[in-house]
Amino acid sequence: MPKFHVYGVGNALVDLEYEVPDSLLSELKIDKGLMTLIEEERHHELLDKLSTYQSRPCGGGSAANTITAAAQLGSAAYYSCKVANDVTGTYFLDDLSASGVQTNLQRENLAAGHTGKCIVMVTPDAERSMNTFLGITREISVAELDEAAIKDSEYVYIEGYLVPEVNARAAAIKAREIARANGVKCSLTLSDGNMVNYFKDGLKEIIGDGLDMVFSNEDEARLMFDVTSIEDCIEGMKSISRQFAMTRGPKGAMIFDGEKLYDIPAKKIEAVDTNGAGDIYAGAFLHGLTHGMRFADCGELAGYAATKLVQQMGARLSDDQMIEVSKRFV
Ligand SMILES: Nc1ncnc2c1ncn2[C@@H]1O[C@H](COP(=O)(O)OP(=O)(O)OP(=O)(O)O)[C@@H](O)[C@H]1O
Ligand SMILES: O=C(O)C(=O)C[C@H](O)[C@H](O)CO
């Protein structure tokens, strides 16, 4: 038995989440529903403009959300990432260790700098628009990978958000190569429309000659394969991965186990914040896959967890909430 069920690699970010009206997005020229990379100056400018709004920090980072969710459900999990020796970095690491996630980082050896932060603006339609200041995670590279841990894992999970920086992309590709050479399954999330729009070739480099499992929402799939119909998205997803899950917000998800396609509807609920919906979906799905659950049941578990998450603010559920999720699927 491998030591880890899931090994993730991605950005380490702490989210600062704000509930804002749509008019503020237009005023601040924010791309609605997308993730935009910003520099430190813009980060401070946005914080100033948001100073009259309530916010609370919360562990974020797409793959970190996924790996944490899997760990909360009981998976043995590892996360490769980079934080600085500041308050935000300590906050991020405390969060990971509270969920039992192992990492490559040692608190006494953290470099100086700024840990990455993501300003998440949530509008009344529950859509999240993100502005990310990567800080030190911009430097994530193959040095953050733990080859022995990858070899001792059942699944590697890579976030598409690693694609813009050459060194980060190299780490994603290396993680896939180590996995492939050692019979470890490899999965990826396409992450975001902007990543697909601007870095499609880089994502193709990460995908290589195909993966075991890919997570995408339907908009990302449309952009990735330059198609409009859901049928063409499905064909596109089949061309890059043996299995896949294509999430569709309130419509649920379409999942493919290599032979059969399942259309799994979502429960009708009132969503307040969709930040992290795709992340927790992937985490619960990977937990199911690595714990002998049938493929369709992984989709049910993932959808249940994601639908629970979007009914509250923040990208993560508490340990107690995750225990409730897991109890429904024993
Ligand atoms: N409005 C909603 N009602 C019910 N379930 C929802 C809703 N929005 C999201 N979900 C659940 O979350 C899953 C993932 O949602 P979605 O397709 O929006 O992911 P995403 O776009 O990757 O999210 P994000 O990028 O914000 O993490 C859906 O398959 C569904 O189970
Ligand atoms: O911007 C990135 O790189 C992200 O991964 C953003 C995350 O999805 C965000 O922190 C959500 O928790």
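The values are calculated or read from the model by the stated rules, or taken from the named source; none is laboratory data. Since the model is a prediction, treat every value here as computed from it, not as a measurement. Every residue, glycine among them, receives a Cβ derived from its backbone with ideal geometry; neighbour counts consider all protein chains shown. Note: areas computed on protein heavy atoms with side chains; ligands, DNA, RNA excluded. Shrake-Rupley method; radii C 1.70, N 1.55, O 1.52, S 1.80 Å.
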If 79, 91, 262 are ordered by their accessible area, calculated over protein heavy atoms with a 1.4 Å probe, which sequence runs from highest to lowest? 91, 262, 79
For region 220-225, 3J(HN,Hα) per residue [Karplus equation, 6.51 cos²θ - 1.76 cosθ + 1.60, θ = phi - 60°, Hz, x = Gly/Pro]: 4, 5, 4, 5, 4, 9
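Based on Cβ point charges of +1 for Lys and Arg and -1 for Asp and Glu, what charge dipole magnitude is obtained for the chain about its Cα centre, in debye rounded to the nearest 20?
Values: 32 positive and 49 negative charges, 139 e Å.
For this selection, approximately 660 debye.
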Among 224, 241, 208, the residue whose Cα sits farthest towards the positive end of the charge dipole of region 129-276, when +1 is placed on the Cβ of each Lys and Arg and -1 on the Cβ of each Asp and Glu, is 241
State in Å² the accessible area per residue of region 72-115; use a 1.4 Å probe, count heavy atoms of protein chains only, and round to the nearest integer. 44
Of all DSSP beta bridges with both partners in the chain, the antiparallel percent, nearest 5, is 35
Greater than 31 Å apart at Cα, pairs in 174/308; 185/251; 49/268; 174/267; 238/308: 174/308; 49/268; 174/267
Placing +1 on the Cβ of each Lys and Arg and -1 on the Cβ of each Asp and Glu in the chain, which of 89, 160, 70 has its Cα farthest towards the positive end of the resulting dipole? 70
Dipole magnitude (debye, nearest 20) for region 101-169, charges at Cβ of Lys, Arg, Asp, Glu: 240
Region 95-111 to region 167-188: how many Å between their Cα centroids? 21
In cubic angstrom per residue, the convex hull of region 159-216 built on its Cα atoms measures 62
How big is the gap, in Å, between the Cα center of region 257-271 and the Cα center of region 222-236? 17
Heavy-atom accessible area per residue, region 187-330, 1.4 Å probe: how many Å²? 44
How much of the pair distance distribution for region 278-330 lies past 17 Å, counting alpha-carbon pairs only, in percent? 25
Carbon + sulfur, % of accessible area of region 195-330 - ligands and nucleic acids excluded, 1.4 Å: 49
With just the Cα atoms of the chain, tell me how far they stretch along each of the three principal axes, in Å, largest first. 51, 45, 41
Of all the accessible heavy-atom surface of region 124-166, with the other protein chains kept in place and a 1.4 Å probe, what percent is carbon and sulfur? 48
Under unit Cβ charges (Lys, Arg +1; Asp, Glu -1), what dipole magnitude, rounded to 20 debye, does region 179-330 have relative to its Cα centre? 360
At R0 = 41 Å, FRET efficiency that the Cβ-Cβ distance of residue 181 and residue 27 yields, to 0.05: 0.20
Counting only protein heavy atoms with a 1.4 Å probe and every protein chain in place, the carbon and sulfur fraction of the accessible surface of region 25-120 in whole percent equals 47
Provide the solvent-accessible area of residue 3, counting protein heavy atoms only and rolling a 1.4 Å probe, rounded to the nearest 10 Å². 120
Amide H proximity to residue 80 below 5 Å, modelled H, separation 5+ or other chain, gives 8, 9, 10
